[in-house]
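The block underneath contains the structure these notes are about, expressed in structure tokens.
The values are calculated or read from the model by the stated rules, or taken from the named source; none is laboratory data. From a predicted model like this one, the values you see are computed outputs, not experimental measurements. With ideal geometry, Cβ positions are generated from the backbone for all residues, glycine too; neighbour counts draw on all protein chains shown. With ligands, DNA and RNA removed, areas are computed over all heavy atoms of the protein, side chains included. Shrake-Rupley method; radii C 1.70, N 1.55, O 1.52, S 1.80 Å.
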Amino acid sequence: FRPFPLILCGSSQACAEGMSGLSNVTGVVGMSDAAETIRLALTLHPNAKDVLVIADRMIPGRLTRGQFIRTTESGPFSMSNVPPPQGTNWSTNNFLWLVRSLSSESVVIVAESEQSRMGEMPLSQHLISFLSRDSKVPIYTTQSEAVGAGAVGGYVVNGRLMGQKAGEMLNRILANEPVSNIPPVVLGGEGLFDDAQLKRWGMEDRSLPKGSRIVNREISFYEKHKH
């Protein structure tokens, strides 16, 4: 028995599954989309022959690797995953050396990268910020916090919509609606892109999927000072 309503917000399918069967609990789960991210990268770079996927060894990283493998197993290119499933920890310099060695016909996707207690990997936004400076190829991501840190973009968790949906649930609960009438909501990923990186790699807005959101746009002198 839970004496008060609880609204959970998360970004894992396990979060949605964990809510089922609990009384007085609902919430919003936002999902990134690894499969759509890799399809998008290969659509924007049709000549790519190599795809490098960086994902940690924890459960979300392993699940994401599986999505990538299923999506690309019939493609006319090679895909490699780092760090390997087992072995020694990789430092940021290990990733940098690998990215520098890639051919120009490659793309990089940084998926799940969360720093474990053992310090296995740096956080995705820190890793991408470091790699992007010297990378000869574009870097995509499934992590929203990495868009603006050096990644071109990808299908990421829509944090704004998660907050909006959670707020709507809260209003219904405050109006004395039973939580049992408010089922959990699972949201798909949104296309999020960095304008600076699009310009860096010579990509146009019109090449992006319809409904994509672009951040980090330059503001003109007039827009800054129009008042």
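Annotations
- Note on E177: accessible area is roughly 60 Å² with a 1.4 Å probe, heavy atoms of protein only.
- Three semi-axes of the equivalent ellipsoid, the stretch 178-225, Cα gyration tensor, whole Å, largest first: 34, 17, 8
- Multiplying each eigenvalue of the alpha-carbon gyration tensor of the stretch 1-42 by 5 and taking the square root yields semi-axes of 31, 9, 5 Å, largest first, rounded to whole angstroms.
- Note on the stretch 127-227: Cα Rg divided by 2.2 N^0.38 Å, N the number of residues, gives 1.43.
- Accessible-area rank, largest first, for Y222, Y155, Y140: Y222, Y155, Y140, with all protein chains present and a 1.4 angstrom probe.
- Rounded accessible area of F221 (nearest 10 Å², 1.4 Å probe): 150 Å²
- Ordering of 104-110, 18-24 by burial proxy (mean other Cβ atoms within 10 Å per residue, highest first): 104-110, 18-24
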